[in-house]
1. Packing-wise, with mean Cβ within 10 Å as the measure, how do 154-160, 685-691, 309-315 rank, highest first?
2. Sorted by average packing, counted as other Cβ atoms within 10 angstrom per residue and highest first, what order do 546-559, 642-655, 223-236 take?
3. What is the ratio of the Cα radius of gyration of the stretch 313-408 to 2.2 N^0.38 Å, with N the residue count, to two decimals?
4. Please state, to two decimals, what the Cα-based radius of gyration of the stretch 151-238 comes to when divided by 2.2 N^0.38 Å (N = residues).
5. Quick one: grab the alpha carbon gyration tensor of the stretch 60-181, order the square roots of its eigenvalues as a ≥ b ≥ c, and give me rounded if a/c is under 1.5, else prolate or oblate depending on whether a/b is larger than b/c.
6. How far is it, in nm, from the label point at residue 702 to the one at residue 252 when both lie 7 Å from their Cα along the line to the Cβ?
7. Report, in whole Å, the centroid distance computed from the Cα atoms of the stretch 40-106 and the stretch 133-147.
8. Pairs of alpha-carbon atoms within less than 8 angstrom and 6+ residues apart define the contacts here; what relative contact order does the stretch 621-711 have, in percent?
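What follows draws every value from the coordinates through simple rules; no lab data is involved. What you see is a predicted model, and the numbers here were worked out from it, not measured in a lab. Neighbour counts are summed over all protein chains in view; Cβ atoms, including those assigned to glycine, are modelled from backbone coordinates with ideal geometry.
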C-alpha cells in the first residue's frame, strides 16, 4: 500500500499531530490540562496548505478550494477504501457541517448548533457542547435547524448558534470562554453558517431574509468576543443616516420604504480571503421579500442583494462589489461557495474568484477589482439568455419578472447550485460542482401583507405547488435532476458529468489522488476519477448526505470523513416527489481509510405506518380553496408541499384524532410553541385555522383512498 509522501509525514509530525488525545483510550476527564493541541495561529491558517494532515478552516485553506494534497488514496487503490469508524449524532435533523481537524482532534457541529469533539483516529467522543438553542427558534429557520461548522483559533473552538450567539469554547474541554449576542433580538435572525477567523477576528453573518431582516456581517475579537466592526449589506431607513458611503451609494438603487420589510441580503454562508490582497469576500442573499415589485416598487438594482462584496477584514471597509442578479426577484442568492484561484485566461495568469450561485451562471471575476472575466450557464437557465460581458448584467427573458402572468422558471429558488460546497483541483484546473435542475412557477401574491417573523416572499406559492394530476406531476418530475459536473472555468464549459438519482446531493472534495468525493441524497458516499467522472468506489451510508467531505491524516494514514444525515430544506419542504425517495435520517460522522473494516449496524426494518382514515368532516369547496391558499401561504415551508412531509417535520396527513381535536390549541394558542410550532394568532383567525385543517383532512382523505386502491 502506497504511503503518504515523506514531506507530508514530516509536516505531519512537525505540527504535533500525535499530541493531545489522539489514540488515547482515556475519557475527557482524564486528559491532563497540559495536553492541548498546538495553537492554531494566524501563521498556521495562512499556511494551512502546508499541513495536509489537518483541515484547519471551513474550506481547508483561505481560498476555499477544498483540495487536499494527501495522495495515499488514489485512483489505483480507492476500491480498497473501507469504513474506519463512525460516530452516531443524536439528532433527527439535517447534517450540513464541514468538520475541522486539528492535531488529531475533529471538531464537528450537528443540528441545534451542538459541537462534538472527536478523536480523529477512532471517532471516540472527547467532549460535547450543547448551547441549548430554544426549540421554538426553529420557526425562524427557513431551512432546518442545521449548522455548517465551527472554526478554531489558538486554543479555542468558535461556533455560531441558530439563535444568533457566537460562542468561544476551550478546545481541550469544551467549556465556554465567552458567549456574545450577534443579533437584534426583535427581527427573527438565525445563524447556520460557519465562522471564519482572520488575524484574530471571527467573521460571521446570519440568515432570515424571508422573515424580514436586514443583512449584515460582523467581526468579533476572538479572545474577548468584543465587536470590532459590522458591515450592513443593504441600506436602512435614510432618515436614520447611513453607516458609511457604501450604504449611501446602495440606497440610490432602492425605492419606496424597503427598510420596513428588512431588505434582506443576508450573509448566511460563503466567505473567502486573499491574504496577499488583504480582501475578504462575502456572498449575499436574496431580497426581503423576494418580489422586488413589493419591496422596491420603483425598481432598481437593490444593492447589495445577490452580490459578491469585497471588504477589508480588519475594518469592514467596502472595496468593491459585483452583483450577480440585479433587482433580485427570484430568491437567487449569491451566498453560494466562493473559490479563489490563479488561472490562465487568454494566455495570462489572473487572480480570479469563482462562484456558481443559484441563478444558474458560473462566474469568473478578477478578485482584485471585481471585473467580470466571463460567465456561462452551468445548468438549464430560462430567466436570462446570457450575461452581457460589457455591462456584467444578465440579459433577461420576456416575462422573467412575471409581469404578464405566471412564469415557469429555471433554476428554481433552490438554485442550480445551493450551499453545498464545490471544490477545485489546481492540477487539472477543474471545479467540481453539485448541480441540479428544478423548475418553479413564479407569480405575484394577490393579497400579500408583510408579516415580520413569518415567511414573506411576495409570490404565489400555491400556484407553484406540485400538481395533483398524475400526468402533469409526471411531466414536472421529469424536469427535475441532479448531477455532479466537472467545470472548466477557463473555457467556461462542462467537461464531464455524473447523473444522480435526483437533486440536492452533497458537497465535493478534490484530492491529489486525482479523485473527487461526494455523497448523495440517496445515501451513497462515492469517489470519482477527477479527469473522467468514472465512479470508482461507493459506500451505502444508510442516509442522505448533503455535507461536503474532508481529508486528513490520523496515525500516518489518510482518511476521508463526512457528516451524513438526511434533512435540510429539501426534506423540510417535503412533497410527493421527495416522499417517493423514502429517505430516513440516521445522522452520523463517517470516516474511511484504506483497509478500513468497520461496518454500520443493520438498520431496523420499519415500514412506514399506513395513513389512517381521517375523522369525518364537512367542508365546502370555498372553504377547501381558502384552506389550500392559506396552507401555501403559512404552512408549506415546514410541513411540505401539499401537506406531504419530507421526513423532518410531522406529516400532517398522519395527524391523530387527538391532534385534530386540539387543532386550534396548537395553531392559534401555541400549545406546541416550545417544540418549534409557533402560534399563528397574529395572522390567522379561528375560521381560517379551520379552513387549513379541512384542507389537511382532504389531503389525508385523498392519500387514504389512494392507499386503499393500491392495496386491492
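1. Ranked from most to least packed, the peptides come out as 154-160, 309-315, 685-691.
2. Going from most to least packed, we get 546-559, 642-655, 223-236.
3. 1.19
4. 1.09
5. Prolate is the answer for the stretch 60-181, as a/c is 1.5 or above and a/b outweighs b/c.
6. Result for the modelled spin labels: 5.1 nm.
7. 27
8. Relative contact order of the stretch 621-711: 35 percent.
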